[in-house]
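Have a look at the structure below, then the notes.
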There are 2 protein chains.
Amino acid sequence: MNISIGTLATRTGSKVQTIRYYEQLGLMPEPDRTYGGQRRYEQAAIKRLSFIRHARALGFSLDQIRNLLDLADDPARDCASADSIAREHLAAVKAKIAALNSLKRELTRMVECCDGTVTAHCRVIETLANHDLCASTRHETVT
Amino acid sequence: MNISIGTLATRTGSKVQTIRYYEQLGLMPEPDRTYGGQRRYEQAAIKRLSFIRHARALGFSLDQIRNLLDLADDPARDCASADSIAREHLAAVKAKIAALNSLKRELTRMVECCDGTVTAHCRVIETLANHDLCASTRHETVT
DNA sequence: CTAATCTCTACAGTGACTGTAGGTTCAAGA
DNA sequence: TCTTGAACCTACAGTCACTGTAGAGATTAG
């Protein structure tokens, strides 16, 4: 208990700045300070930060995480809300996978027709120049 | 020919600001102007912008796209370079799909144990609180 | 000619951090 | 106890790829 911000960072796989950033956003509560003004965290902070980092790794936005944390903090927490957040997110993830799969198909096609040897025709650039391709993902940017 | 920025935007499914942004970055060349100072584009601009938008939809970064455009602009263009950019990107896409699939499995598990009914136990929050879960995607954020 | 629409520049904001500068505090070894 | 070096502090700028805003000027259809 009473660990420094650096220790908290390594314990949770985050960066020091990220923790301060979360504090600034109100996702992490303000911890006690030493006389010199340095942050000292208790065990609970590791749990909370792990929760946040894990949820982030799963692709939840900080806003969604804030909702989940509010639900978790509420003693009479509403499971249905948490469930619907997760459900919503699952749908988004499924959509993203579908988009990436069609993208994979197209990239594979681009790459396969060259298969390592330099040809007079550059398929990659030609494929990208053809703006009728991949119409399904045209207006949705996959990052 | 000689179309306005707004027309170019609708023709290519982009926004006016985005086009000006690309011009600022040097991805789109500076077009001619009317006496009043408004941009007027030629047919070639539609092609180039479509190329950019399409590549963006496929998840290429603007930096990668700049490389591809340079290759395309070069009369003695090097197909191997374009190919390796595409290949590299394909590998990244495959990795992202794998991460999203494991995420989908976990989200499905979270959602399925509640299946619509409110229970005393909130699985979603519990699952996220358990920071040992999903160790494989822990340090990589999927957006 | 007028009114509506479009365009202009310049700048601020988004999300989720990351990096930097310049200074202060802490903990361990001599 | 003193010193030294790592860790910490605040505050702010930068990243990416845009998006939005304000306030002014240009264009076009009726």
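The values are calculated or read from the model by the stated rules, or taken from the named source; none is laboratory data. Because the structure is a prediction, the values reported are computed rather than measured. With ideal geometry, Cβ positions are generated from the backbone for all residues, glycine too; neighbour counts draw on all protein chains shown. Ligands, DNA and RNA are stripped out before the accessible areas are found, and what is left, the full protein with its side chains, is counted by its heavy atoms. Shrake-Rupley method; radii C 1.70, N 1.55, O 1.52, S 1.80 Å.
For residue B:15, the lysines whose Cα falls under 21 Å of its own Cα, not counting residues fewer than eight places away in the same chain, are B:47.
Per-residue mean of foreign Cβ neighbours for A:83-93 is 6 (Cβ atoms of other chains, 10 Å radius).
Counting Cβ atoms of other protein chains within 10 Å of each Cβ in A:40-53 and taking the mean gives 2. The lysines whose alpha-carbon is closer than 17 Å to the alpha-carbon of residue A:94, local same-chain residues fewer than 8 away aside, are A:104, B:94, B:96, B:104. With its label point defined 7 Å out from Cα along the Cα-to-Cβ axis, residue A:108 lies at 1.9 nm from the matching points of the other copies, in increasing order.
For residue B:69, the solvent-accessible surface with a 1.4 Å probe is about 10 Å², rounded to the nearest 10.
Extending 7 Å from the Cα toward the beta-carbon at both residue B:15 and residue A:24 defines two label points whose distance is 2.4 nm. Taking every residue in B:58-68 and counting other chain Cβ atoms within 10 Å of its Cβ, the average works out to 3.
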